[in-house]
Amino acid sequence: MDGFQAYGAGKAGGVFDPVTFFRQPQTVVRILCWLFSIVILGCVANEGYTNRPEEDEEFCIFNRNQNACTYAVSMGTLCFLCCTAFIALDVYFPQISGVKDRKKAVMADIGVSALWSLVWFVGFCFLANQWQVSKIEDNPLNEGADAARASIVFSFVSVFTWGGLTLLSLERLKRVSFEEEYNKLFSPAVA
């Protein structure tokens, strides 16, 4: 049993290894989610507002519905911040020695990932619908059309990346639960 290490806890307090960290599937998918949120935020914030040639006031490119642009910008911003926080948690995770604390962190990751998958699905449906019903006369020069399409596509892809993160977190929960059961069954005898 000397060579056995429960998932991560045997290395608690060890040195951070960036190569191992960036090779983990969860880290790669989380960084993709982080990049997708930047793309969505950038597309809508940069080119999501346009005006007719005879108007001065800018409107949202998605059917002149300010709620669509506000939703995309706010969700992109919140998703960016959330990804940053969970990347920091992933860096810190091997340092957490308590199994119950590890389990809480993983369960929070599962809940947040599932929630973001749902949020991006709603966002994709909302943006796609508003783009579909947009009128040509509202944007005769077709400004920002590529940015609008990109934000819709990346919202769609974000549904699956966050869903993948949910599945990867469920796998991590199984490993942490195994660690907890192992510690209960084979706790060292106190003499």
* Rounded to 10°, Cα long-axis angle of helix 99-132 versus longest principal axis of the chain -> 20 degrees
* Structure fact -> Measuring from its Cα centre, the stretch 28-128 shows a charge dipole (+1 at each Lys and Arg Cβ, -1 at each Asp and Glu Cβ) which, in debye to the nearest 20, is 800 debye
* Long-range amide H partners of PHE59 with built H, under 5 Å -> THR50, ASN51
* What angle do you read, to the nearest 10 degrees and between 0 and 90, between the alpha-carbon axis of helix 25-47 and the longest principal axis of the chain? -> 20 degrees
* Can you list the aspartates and glutamates whose alpha carbon sits under 20 Å from that of LYS174, skipping same-chain ones fewer than 8 residues off? -> ASP90, ASP101, ASP109
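Which of rounded, prolate or oblate describes the stretch 91-147 when judged by the alpha-carbon gyration tensor and an a/c cut-off of 1.5?
Values: a/c = 10.06, a/b = 3.47, b/c = 2.90.
The shape class here is prolate.
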* Structure fact -> In the chain the cysteines whose Cβ sits 4.7 Å or more from every other Cys Cβ are CYS33, CYS43, CYS79, CYS82, CYS83, CYS125
* Asked: When the label point is put 7 Å from the Cα of MET107 along its Cα-to-beta-carbon vector, which residues of the stretch 143-170 have a backbone N closer than 16 Å?
  -> 169-170
* **Rg/Rh for the chain, where both radii come from Cα atoms and Rh is the Kirkwood radius** => 1.17
* Pairing the Cα long axis of helix 145-185 with the longest principal axis of the chain, what angle in degrees results, from 0 to 90 and rounded to the nearest 10? -> 10 degrees
* Ignoring ligands, DNA and RNA, what accessible area per residue does the chain give at 1.4 Å, in Å²? -> 57 Å²
* At 0.36 nm per residue, minus the direct Cα-Cα distance, what do ILE31 and CYS125 gain on full extension? Give it in nm, one decimal, please. => 31.5 nm
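Accessible area, 1.4 Å probe, largest first: how do TRP162, TRP131 sort?
TRP131, TRP162
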* Structure fact -> Taking ARG30, ARG149, ARG23 and ranking on accessible area (1.4 Å, protein atoms only), highest first, one gets ARG23, ARG149, ARG30
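The values are calculated or read from the model by the stated rules, or taken from the named source; none is laboratory data. Just so you know, these numbers come straight off a predicted model, no measurement behind them. Counting neighbours? That spans all protein chains shown, and the Cβs are built from the backbone with ideal geometry, glycine included. Calculation scope for accessible area: heavy atoms of the full protein, side chains included, ligands and nucleic acids excluded. Shrake-Rupley method; radii C 1.70, N 1.55, O 1.52, S 1.80 Å.
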